[in-house]
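Read the structure below first, then the notes.
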Amino acid sequence: MEEAKAIAKNVGVSQKKTMIPADVVRGMNALEAVAILKYMQKGSALHVKKVIDSAIANAVRNYGMKKESLFIYEIRVDKGVVSRRFKPK
């Protein structure tokens, strides 16, 4: 069985804020997850939706799968790049 992957790097949203929409859609049908994320009130839901849309497009284009048969097998939110800010004196 093939897996279609999609990765978003350097999004600029904290891990805790992005985990909430990711936990909601984990294990769901991909099209249902996109519909739920579209109307979710969290700002980071848009970033999660974009990644799922990309994974759906990858599955359809590269593996010839049908959109209706796709589901979210695994979704991870890892820590990103930390910006170091300082005030010169």
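Summary table below
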| item | result |
| --- | --- |
| Accessible area in the full protein assembly, largest first, 1.4 Å probe, for 31, 70 | 31, 70 |
| Length added when fully stretched, residue 87-residue 6, from 0.36 nm per residue minus Cα-Cα | 25.4 nm |
| Selection of trypsin sites (Lys or Arg not before Pro), the stretch 47-85, meeting DSSP coil and at most 16 other Cβ within 10 Å | 66, 76, 79, 84, 85 |
| Fluctuation leader among 64, 27, 43 - the chain, Gaussian network, Cα springs under 10 angstrom | 64 |
| Signed unit charges on C-beta, dipole axis of the chain, positive-most listed residue 30, 71, 41 | 41 |
| Charge-dipole axis of the chain as Lys and Arg at +1 and Asp and Glu at -1 on Cβ define it, positive-most pick from 20, 57, 81 | 81 |
| Calculated log₁₀ intensity ratio I(q)/I(0) where the Debye formula runs over C-alpha points of the chain, q = 0.18, 0.23 Å⁻¹ | -0.77, -1.15 |
| The chain: DSSP helices with Cα axial extent of at least 30 Å and average Kyte-Doolittle hydropathy no lower than 0.5 | none |
| Rounded to the nearest 20 debye, dipole of the chain from Cβ charges on Lys, Arg, Asp, Glu | 840 |
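The values are calculated or read from the model by the stated rules, or taken from the named source; none is laboratory data. Nothing here was measured: the structure is a model prediction, and the numbers come from that model. Here the Cβ is made from the backbone with ideal geometry for all residues, glycine too, and neighbour counts use every protein chain on show. Areas reflect the complete protein model, heavy atoms only, side chains present, ligands, DNA and RNA absent. Shrake-Rupley method; radii C 1.70, N 1.55, O 1.52, S 1.80 Å.
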